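The values are calculated or read from the model by the stated rules, or taken from the named source; none is laboratory data. Computed from a predicted model, the values in this text were never measured in an experiment. FYI the Cβ positions are ideal-geometry reconstructions off the backbone, even for glycines, and counts take in every protein chain you see.
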Ligand code: CTP
């Protein structure tokens, strides 16, 4: 695929080098267009060396090839990372005062902007209105992440992680090399982690980021499926072509999954579902007690959504895939726990991964064993969450 990577002038410009690396390693032909301001942060030589292509900024460079028209018209995808407040403003008003904005005007392919700026700039009504204008025209503008900004300050406005930018960008165009074995199928995927409220400000939750579930959605879309993505408390940019249902609690997740599963060919429960919820939810904030005693929480079990779907299939021939994050303990290894769970749950496939410090939750990579309903291993996969997701769809295809 021919991809244009625009780089605007913000401190996060250095992270665009990783975006470029990920795109070229995936086999794409990437041309970088840095703005003049971005060259204050990362020099042109970096872009030319990493992409193996010239990285012009000006309309008046290489004039015989009319690059300000040719680059945009010939691209399959344009990604701008970081997209600063100034770049967003120029794009929204249709300026063409450098090669990047001219390219944005001539591009007829999907365009994704990954913003990075200070919180105040992101929240300013001018930027809000520019982002709304761009979105109304079909430009995909990611939500910035929260976290450390340029200096000691933290807040909303951080560039989303390079892996997330690349995944969201490639999901816009689909992967022309992906097998179309899910074409015509409706796939329901739950992702993220449920939260069970204790009172109006507190909840019991878990560390699931939703990355694996979102990767499943993106790869299913690439393989031709129609995707309903039931997302519990996920802050990642959602795949543009999925039907997104946002939920918070296990009860909401159950309702949304069961409603969508009625006409689903495959249901994948990648969400980390709370097994227990507080027996009651306080209507007002639970306060410290005068006598210093701590409250005792009573918990009740939540319904097992996957086991329910397996016990009574909502549609004949529907395939069910579960995930099991295991740590292993003194009683059994990760895989032994997985085998027992596969038999207990009754799902057609159970994807078992080892979690713990630095593994599984919130990380970009994953390593899994896929078990059948008898607990027998049918595949192993390791690598990016996208490659694990493809291995899951391969295992699904083998069951058909
Ligand atoms: N799951 C579910 N409903 C629940 C709990 C889990 O549908 N109330 C699903 C998860 O989405 C996952 C699979 O069941 O696909 C396994 O989840 P896990 O938490 O590993 O299993 P549990 O049955 O909760 O077992 P345990 O916590 O005892 O290991």
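When the residues of the range 276-293 are filtered to those that are surrounded by 10 or more Cβ atoms within 10 Å (Cβ to Cβ) and farther than 23 Å from residue 208 by Cα, the one that is nearest to the ligand (Cβ to nearest atom) is 280.
Of 289, 241, 339, 277, all but one fail to be under 30 Å from the mean Cα position of the chain (by Cα) and part of a loop (DSSP other than H, G, I, E, B); the exception is 241.
Okay, residues lined up against (1) surrounded by fewer than 21 Cβ atoms within 10 Å (Cβ to Cβ); (2) under 20 Å from residue 161 (Cβ atoms); (3) in contact with a helix residue (DSSP H, G or I) (Cβ under 8 Å, 6 or more places away or on another chain):
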position: 13; (1), (2), (3): no, yes, yes
position: 37; (1), (2), (3): yes, no, yes
position: 41; (1), (2), (3): yes, yes, yes
position: 61; (1), (2), (3): yes, no, yes
position: 76; (1), (2), (3): yes, no, yes
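Considering 304, 329, the condition of being surrounded by 13 or more Cβ atoms within 10 Å (Cβ to Cβ) and within 16 Å of the ligand (Cβ to nearest atom) is satisfied by 304 alone. Residue by residue through the range 378-400, note down the ones that are in contact (Cβ under 8 Å) with a residue 40 or more places away in the chain and closer than 13 Å to residue 352 by Cα. If the condition is that a residue be in contact (Cβ under 8 Å) with a residue 40 or more places away in the chain and closer than 13 Å to residue 352 by Cα, then 388, 389, 392 are the ones that fit. When restricted to residues that are within 13 Å of the ligand (Cβ to nearest atom) and surrounded by fewer than 24 Cβ atoms within 10 Å (Cβ to Cβ), the range 205-243 contains 2.
Checking each residue of the range 100-117 against the condition of being in contact with a strand residue (DSSP E or B) (Cβ under 9 Å, 6 or more places away or on another chain), over 21 Å from residue 162 (Cα atoms) and surrounded by fewer than 17 Cβ atoms within 10 Å (Cβ to Cβ) gives no match.
Output the number of residues of the range 184-202 satisfying the condition of being surrounded by 18 or more Cβ atoms within 10 Å (Cβ to Cβ) and more than 16 Å from the ligand (Cβ to nearest atom). Counting residues in the range 184-202 that are surrounded by 18 or more Cβ atoms within 10 Å (Cβ to Cβ) and more than 16 Å from the ligand (Cβ to nearest atom) gives 3.
Given 166, 131, which one is within 19 Å of residue 238 (Cα to Cα) and touching a residue at least 60 places away in the same chain (Cβ under 8 Å)? Exactly one residue qualifies, and that residue is 166.
Here the condition is being at negative phi and away from the ligand (no atom under 14 Å from the Cβ); of 267, 296, 273, it holds for 296 alone.
Got a number for residues in the range 312-326 being within 12 Å of the ligand (Cβ to nearest atom) and at pLDDT 90 or above? Give the derivation first.
Just the residues of the range 312-326 that are within 12 Å of the ligand (Cβ to nearest atom), to begin with: 320-326.
After this cut, where a residue has to be at pLDDT 90 or above as well, the list is 320-324.
Adding up the residues that qualify gives 5.
Among residues of the range 299-313 that are within 24 Å of residue 198 (Cα to Cα), those with a beta-carbon under 8 Å from a residue that is away from the ligand (no atom under 12 Å from the Cβ) and assigned to a loop (DSSP other than H, G, I, E, B) at least six positions away or on a different chain give the pairs 299/279; 300/279.
Do we find that residue 255 is more than 12 Å from the ligand (Cβ to nearest atom), under 23 Å from residue 209 (Cα atoms) and surrounded by 13 or more Cβ atoms within 10 Å (Cβ to Cβ) in this structure? Don't jump to the end; show me each part of the working.
Numbers: more than 12 Å from the ligand (Cβ to nearest atom): yes; under 23 Å from residue 209 (Cα atoms): yes; surrounded by 13 or more Cβ atoms within 10 Å (Cβ to Cβ): yes.
Here the answer is yes, as residue 255 does meet what is asked.
Of all residues in the range 219-230, none are part of a strand (DSSP E or B) and within 17 Å of residue 143 (Cα to Cα). Looking at the range 343-354, is at least one residue within 10 Å of the ligand (Cβ to nearest atom) and within 28 Å of residue 279 (Cα to Cα)? Yes, the range 343-354 has at least one match.
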